[in-house]
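To start, the structure itself, in C-alpha cells.
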Amino acid sequence: MKVCKEDVAVVVPTRNSCATLRLCLESIRGQSQPCLLVVVDNGSTDGTLAIAHEYADLVLMCGPERSAQRNAGAAAVSARYLGFIDSDMELPSTVVEEAVEAIDSGAMSVVVPERTVGEGFWAEVRAFERSFYQGSDTIEAPRFFCREVFDAVQGFDEAMTGAEDWDLGLRVRELGPMDRIEAVILHHEGRVKYFAACRKKGYYGPGVLLFLAKYRSSGLMGVTQREWLHHPRRLCSVLGFGLLVLKAGEAFAIVVAVIDNKRRRGRKA
C-alpha cells in the first residue's frame, strides 16, 4: 500500500534551536518518504521560529517541556506513522522510509541508531560513550511509532523530562514488538563543555527520579546498567578516563538537582 505524505508526521520540539535547526529540518525535508513536518516551539527568543516557518508544514507553540510539545505535535495531525526528532539531529535520507517499512512489517515502535558529532575533547568522549550503546535496548529508545499504539499508551508522560523516551519505549513494548533500522542519525552537539554537560544532565535528574519511582528495580537496572562498565580495558585510555570523569560529574549534578527539587517542593508545601 502506498504511503502518502499525510500518512507520516515527524515532530520536532524546539527552544532557541537556531544553531542546529536548519540542518535538521532540511534533512527531514530531504527524506525519500515524504512526511508532514511539525515544529512545536516552547518560547524561543532567537531565530528558531523564522527557520521553522521556512520549512515546516505546521508550527505550534506549546510548553512547558518537550514531552508536552511532542504530544501536542502528534495531536495536531492524523498521520498513521509518528516520528519524534530532536532539533540538533540530522537524518540520512532513508530514515523515515525505513521506519515506515518496519512498522508495516509488524513493529509497533522503531529505534534509529545515533552517532554523536561535535567539537573538542568532551564531544569525543560523548561519541566514545555512545559507541557502547549501539544495539542496546536499555539505552536506545524508539523514535518512530505506529499511531494506534502511541494513542493507546497516551503518548509521552508530560510529568517526566529526561527519561520520557525510555518510559514511552517500555510502555509501547508491552503492546507489540520493537524494531531497529540501519540508517544512523547524526546528533550534532557542537562544542561540548564539561560543566555545561553536567548541568544538562542535572536538569534531567528529577525526571530520572520519576522514572525510577515508576519502574523501581527494573528501572534502576536500566538506568545504571551501562555497557562501558563491562569493558574495563577500553576505559584504559584518555577517552575512557574522560568518560569516567564525565559520568562522575553528571552523577553529582543529578544528586544536587534532586535535592534542590525536593527542597523547592518542601517550601511550596
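Which ³J(HN,Hα) values, rounded to whole Hz and listed in residue order, are derived for segment 251-262 from phi using the Karplus coefficients 6.51, -1.76 and 1.60 in 6.51 cos²θ - 1.76 cosθ + 1.60 with θ = phi - 60°, glycine and proline given as x?
Karplus values, whole Hz, x for Gly and Pro: 4, 4, 5, 5, 4, 4, 5, 5, 4, 5, 5, 5.
Would you pull out the residues with amide H under 5 Å of Thr116's amide H, same chain only if 5 or more places away, H placed 1.01 Å from N?
The answer is His187.
Sort 10-16, 203-209 for me by packing, meaning the mean count of neighbouring Cβ atoms within 10 Å per residue, highest on top.
Numbers: 10-16: 24.3, 203-209: 20.0.
The peptides rank, most packed first, as 10-16, 203-209.
Which cross-chain or sequence-distant (5 or more) residues have an amide H under 5 Å from the amide H of Val111, H modelled 1.01 Å from N in plane?
Amide H neighbours of Val111: Arg143, Asp179, Arg180, Ile181.
Sort Tyr81, Tyr194 so that the residue with the fewest other Cβ atoms within 10 Å of its own Cβ comes first and the one with the most comes last.
On the way: Tyr81 24, Tyr194 16.
The order, fewest Cβ neighbours first, is Tyr194, Tyr81.
Please turn the phi angles of segment 198-210 into ³J(HN,Hα) values with the Karplus equation 6.51 cos²θ - 1.76 cosθ + 1.60 (θ = phi - 60°), one per residue in order, whole Hz, x for glycine and proline.
Listing the rounded values in order: 5, 4, 4, 5, x, 4, 7, x, x, x, 5, 4, 4 Hz.
Between Phe241 and Glu54, what FRET efficiency comes out of the Förster formula 1/(1 + (r/R0)^6) with R0 = 25 Å and r the beta carbon distance, rounded to 0.05? Before the final figure, lay out each step's value.
Details: r = 43 Å, r/R0 = 1.73.
It comes to 0.05.
Relative to the first principal axis of the alpha-carbon coordinates of the chain, what is the inclination of helix 121-130, with its axis defined by its Cα atoms, in degrees from 0 to 90 and to the nearest 10?
That helix lies at roughly 70 degrees to the long axis.
If I stretch the segment between Asp46 and Val184 completely, what's the gain in nm (0.36 nm per residue apart, minus their alpha carbon distance), one decimal? Please report the intermediate quantities before stating the final value.
Values: separation 138, 0.36 × 138 = 49.68 nm, distance 2.88 nm.
So the extension gain works out to 46.8 nm.
Tell me, Lys214, Lys262 in order of fewest to most beta-carbon neighbours within 10 Å? Before the final figure, lay out each step's value.
Working: Lys214 16, Lys262 12.
Listed from fewest to most nearby Cβ atoms, that is Lys262, Lys214.
Under 29 Å Cα to Cα from Lys193, which lysines show up? Leave out anything in the same chain fewer than 8 places away.
Lys201, Lys247, Lys262
Every number in this text was worked out from the coordinates using simple rules, so none of it is lab data. Since this is a predicted model, take the numbers as computed values, not measurements. As a convention, Cβ positions derive from the backbone with ideal geometry for all residues, glycine included, and neighbour counts pool all protein chains shown.
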